[in-house]
Each structure stands twice: as C-alpha cells, then as structure tokens.
Amino acid sequence: MTNKIPDNAKCVFKGVIFEVWQWEQKMYDGGVEIFERLKRPNTSMIVPIVGNKILIQTEEQPGHLKRLNTFPCGRSEQGEDSLATAKRELLEETGYTSNDWTLFQEESPVGKIEWTIYTYIAKNCIKTQEQKLDAGEKISTRLIDFEEFLNLADNPLLSRTKFTNTLLRARFDPQFKKDFENQLFKI
C-alpha cells in the first residue's frame, strides 16, 4: 500500500472517524519538511446476489444527500477484519446473510488517506431477519437485473471507485461482461 503512514509518524488529532498523522520528511536538498496523512477505518462494500438478481439500496443519512442505487457498505469497527465487517453490514442494512463470500477487489482510493475499500460478492443471499439500522440511517432495498446493475456506473451519487470502472468495462467489453456475469451468478 503506497499511502501507508510511516512508523516515525505521530498522531496529532483523533476524531470520531479520522486521525491526522504527521512526520518529518527529509527532502532531496537535505532540508526537512513536515508531511501529513489522514487515517480512517477501512470500508467493506457488498454486492449481494439473490438468485439471478443483485440487491441494491437507497440510503439516507442526516446531513447527506439521499443516495440512490448503492450497495450495502460500512466501516470496520476496532479489531474487525474486512469480511466480518461485510457480513455485519449486509445483515444490519438489509437483513440478508450469505455463506458464499468472495473478495472481488480492494483499493486505496485516496493517496493522502490510509484507507482501504474491500468489495465483496455475497452469493446465495437469503433474508434471515429484518433490518437493524443505526439511528441515523434510512435504507430501503430492491432487486435489479444484471443490465440495470451495469447501468449503475452512470449514477453520479455512486462513489467513483475501481468498482464503478468494472461496471463500465463490462458494458463495453463483451468478453469481460460475460466473465463478470459468470463470476456473479455461477457457482
């Protein structure tokens, strides 16, 4: 990971989500400058597969725009690995569970933040309980087919991530589309 905070860095601020880390960095001319980087908990995003459909959601949180056509996701709690986060978030936000998980992608989207987004595919999802939403969440879910799923890349409220690029590539590369669809729906 290229955005790792060096061992000699010191935490100068710790908020609810973000920490600010600083360190002295030797420059090419021999001088020293203060460098800085943010750190935040990692995020797990889930693409839930229910039969031959993909489960998406509409989400609203106080102080944020209503996000349409998004995926279950959330940040890791202290000491929680990315798969445990994915399983917890899927259950809390949708009421669905799966016993068939695949890590599809991981990325560190911002160079000045130590943060990784893990994207999981959860196949054979089944509804096992009602949603258990945080006090600041309103989430509704719906099932879509593969073609509508690929068109989510056009959604300006969907984060521009490596996964969005996957959706775009599948729309324009027939072999990639076929392989991607098989990865989602074949056992």
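The values are calculated or read from the model by the stated rules, or taken from the named source; none is laboratory data. Source: prediction; values computed, not measured. With ideal geometry, Cβ positions are generated from the backbone for all residues, glycine too; neighbour counts draw on all protein chains shown.
The residues listed here are Glu148, Glu181, Glu114; of these, the one that is farther than 24 Å from Glu92 by Cα and touching a Lys or Arg at 6+ places or on another chain (Cβ under 7 Å) is Glu114. All of (1) at negative phi; (2) not in a strand (DSSP E or B) hold for Ile46 with one exception: (2).
Whether a residue is at negative phi, out of contact with any strand residue (DSSP E or B) (no Cβ under 6 Å at 6 or more places or on another chain) and hydrophobic (A, V, I, L, M, F, W, C) was assessed, and Ala153 passes this test. Checking each residue in the stretch 101-112 for being at pLDDT below 95 and either part of a helix (DSSP H, G or I) or among the aliphatic types (A, V, I, L, M) (or both) picks out only Val110. From the list Gln175, Gln78, Gln183, which residue is assigned to a loop (DSSP other than H, G, I, E, B) and surrounded by fewer than 16 Cβ atoms within 10 Å (Cβ to Cβ)? Only one candidate passes the filter, namely Gln78. Against the test of being hydrophobic (A, V, I, L, M, F, W, C) and surrounded by fewer than 19 Cβ atoms within 10 Å (Cβ to Cβ), the options Ile121, Ile117, Ile113, Ile56 yield a single qualifying residue, Ile113. Within the stretch 66-121, restricting attention to residues that are in contact with a helix residue (DSSP H, G or I) (Cβ under 9 Å, 6 or more places away or on another chain) and among the aliphatic types (A, V, I, L, M), the residue that is nearest to Leu143 (Cα to Cα) is Ile121.
Residues that are assigned to a strand (DSSP E or B) and surrounded by 16 or more Cβ atoms within 10 Å (Cβ to Cβ) within the stretch 89-100 comprise Tyr96, Thr97, listed in sequence order.
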